[in-house]
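The values are calculated or read from the model by the stated rules, or taken from the named source; none is laboratory data. Every value quoted in this text rests on a predicted model; they were computed, and no experiment measured them. Counting neighbours? That spans all protein chains shown, and the Cβs are built from the backbone with ideal geometry, glycine included.
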Amino acid sequence: MKNRPGSALCLLTAGLCLVAAAARGQNGNAAGPLFRNRAVVQSAPVPSRVSQNHVKVAEQSLLIRDPRVLDSTDFQSCEVDVAPCSEAHGKWSFASVFQRGMTVARKGTVTPAEVQAATDGWRQDLEKPYDPKNPLLSQANSSLIQAVKADFEAGWKNDKGEYPALRIPVRLLAIVNRIDTAVPDPAGCAHRGEPGKDMSGAEIRLEFAGVRANLTATFDYLRFIVEFVLPCESSSDPNEFPRLARDWHSLSALDIAAPAYGERLSQVLDYWLGTAVKARIRIAGASAGADWAVREYIFQPDGKLLPESLERDLPGELATCWDRGSALGKFAAGHDMRILASRYEFHESALNASEQLIEPTEDHVLGLDFKVLPGNKLEEVRHALSINTCRGCHTSETGTNGLHLGQRTKGKRSKISGFLSGASDHGTCLLDYGDGNTQSYCTPRIVASVGCPDLNKTTYRYNDLLRRDLYLDAVLNPPDGASPGSAAWYAAIARYATLQLH
């Protein structure tokens with residue numbers, strides 16, 4: 001759920017003040033490394049209970065990519081490279097997950113006919129053109145999503161010319177636990193009618209990729225990320241937020257090849273998706289080159305999916321040097337503390353984008369002119385703004401060259417980026433690692449500034465799955481004397497939280 005500045009003044013609450021303090025490194029480093037906007041800013045030894053089990057937690061509780069799970073019957077969708085393509089599908093197929101998204105929005109039962117109608121309407125909406133307010137996209141003749149849609153539909157359409165919801169040609173790439181997006185927000189929870197709750201914004205995501213009948217053609221060309229936002233949870237009630245952490249962490253104690261793992265995973269998904277308060281789909285379509293266009297749709301109570309502005313994404317070239325008179329310059333100067341705590345959104349029309357273009361080969365980062373903010377705060381705010389955009393997180397800011405999660409063939413797992421795994425090859429953070437989860441840090445090379453010659457070329461180090469693991473551990477094993485919901489507990493969580501907006 002979105003936290004409006006007028007409704008949830010989180011900067012005035014004790015919880016978020018502690019979050020901001022921890023993000024500035026004021027709580028020492030005894031608990032382990034300290035992260036800010038996903039980059040480690042203060043190194044420390046990782047607790048042994050985390051270091052000894054990190055690979056299993058990363059692979060089995062945080063970002064599940066194992067084909068023994070994803071290719072199992074429960075997670076099977078109808079794929080065009082399976083001949084003949086039947087309409088059989090598993091409990092966690094794309095069609096089933098789509099129906100769950102509709103159920104979340106309606107808060108009631110959804111029929112197969114309604115799922116089909118919603119799928120048809122959503123498919124047709126993809127034919128709409130690019131965002132005319134985005135000057136970067138307006139340079140193209142048509143949306144990249146429009147360009148790949150016809151190819152996707154060719155593998156979807158049956159011999160009657162229909163597009164059955166049950167046979168949408170996709171493959172599951174990963175099941176993603178994003179408990180780390182939850183932050184202390186008791187005021188916001190109370191404003192949204194959830195008094196007594198304090199942890200807001202946890203998510204569960206399932207990422208699918210379009211599969212082509214002709215795999216000799218460009219393979220990785222269309223993505224669907226279905227995101228379920230959980231309600232506010234109480235950190236002091238063992239059956240709420242602590243249970244969320246325990247349920248996901250329990251998966252790492254099982255044998256992923258055994259049936260018990262799949263059964264337990266299905267139970268966890270069943271329970272927590274059943275509590276979701278919001279569901280959406282982010283779509284990315286690739287051109288014949290390397291560029292990707294991104295859109296976002298939100299499930300509505302009437303069964304439709306409506307496009308909505310991408311959260312905190314910016315139109316235009318990253319090369320733009322936003323000065324103090326520009327829309328972003330003014331926003332940055334007036335909302336610096338909210339930006340540093342990642343608790344902001346763009347209301348100005350000039351800073352909204354309903355479709356965005358990611359250009360992985362861009363060799364520069366978002367720039368703010370040195371006159372916008374004083375001293376070191378300028379770079380901190382610039383980095384926070386950049387990495388919270390699709391374009392910043394998937395280009396030079398993180399050194400990933402486009403994707404954090406790769407396509408896969410059946411029986412194989414997707415590769416992940418160095419940004420996620422911490423793995424590095426000659427200073428790069430590219431998508432190049434299958435079982436590469438480490439406890440080191442990937443360091444993108446320092447990028448050249450375009451348009452902002454005074455930009456501070458700070459070196460950033462990333463290992464996002466380690467950060468998420470440390471967050472999970474902080475929930476399960478709070479520091480001595482830090483009871484859940486206390487100021488000390490909030491500070492411990494803040495060291496590792498993503499601090500995203502919902």
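Descriptive notes on the structure:
- For the range 232-244, the criterion of being under 23 Å from Ser96 (Cα atoms), in a loop (DSSP other than H, G, I, E, B) and not small (Gly, Ala, Ser) is met by none of the residues.
- The set of residues from the range 104-130 being among the charged types (D, E, K, R), closer than 23 Å to Val277 by Cα and not in a loop (DSSP other than H, G, I, E, B) comprises Arg106, Glu114.
- Hey, Ala187 among the small types (Gly, Ala, Ser), within 29 Å of Ser266 (Cα to Cα) and crowded, with 19+ Cβ neighbours inside 10 Å or not: no
- Residue check, Pro33 farther than 26 Å from Leu230 by Cα, in contact with a Gly (Cβ under 6 Å, 6 or more places away or on another chain) and either modelled with pLDDT of 85 or more or crowded, with 20+ Cβ neighbours inside 10 Å (or both): no
- Any hit, the range 351-364, residues being within 22 Å of Val447 (Cα to Cα), of a type in the set (A, V, I, L, M) and either touching a strand residue (DSSP E or B) at 6+ places or on another chain (Cβ under 8 Å) or crowded, with 19+ Cβ neighbours inside 10 Å (or both): yes
- Hey, Gly101 surrounded by fewer than 16 Cβ atoms within 10 Å (Cβ to Cβ) and modelled with pLDDT of 90 or more or not: no
- Any hit, the range 263-273, residues being outside any helix (DSSP H, G or I), on the phi < 0 side of the Ramachandran plot and either surrounded by fewer than 19 Cβ atoms within 10 Å (Cβ to Cβ) or out of contact with any strand residue (DSSP E or B) (no Cβ under 8 Å at 6 or more places or on another chain) (or both): no
- Where Ser252 falls short, out of the listed (1) modelled with pLDDT of 95 or more; (2) among the hydroxyl-bearing types (Ser, Thr, Tyr); (3) within 21 Å of the chain's Cα centre (by Cα): (3)
- Elements of type helices (runs of 4 or more DSSP H) contained in the range 372-443, each with 1 or more residues being surrounded by fewer than 20 Cβ atoms within 10 Å (Cβ to Cβ) and in contact with a Phe, Trp or Tyr (Cβ under 9 Å, 6 or more places away or on another chain): 390-393
- Residues being in a loop (DSSP other than H, G, I, E, B) and touching a residue at least 40 places away in the same chain (Cβ under 8 Å) - total across the range 460-502: 16
- Condition met for Asp159 (modelled with pLDDT of 90 or more, over 27 Å from Arg282 (Cα atoms) and in a loop (DSSP other than H, G, I, E, B)): no
- In the range 469-482, the count of residues that are crowded, with 22+ Cβ neighbours inside 10 Å, farther than 30 Å from Phe241 by Cα and aliphatic (A, V, I, L, M) is zero.
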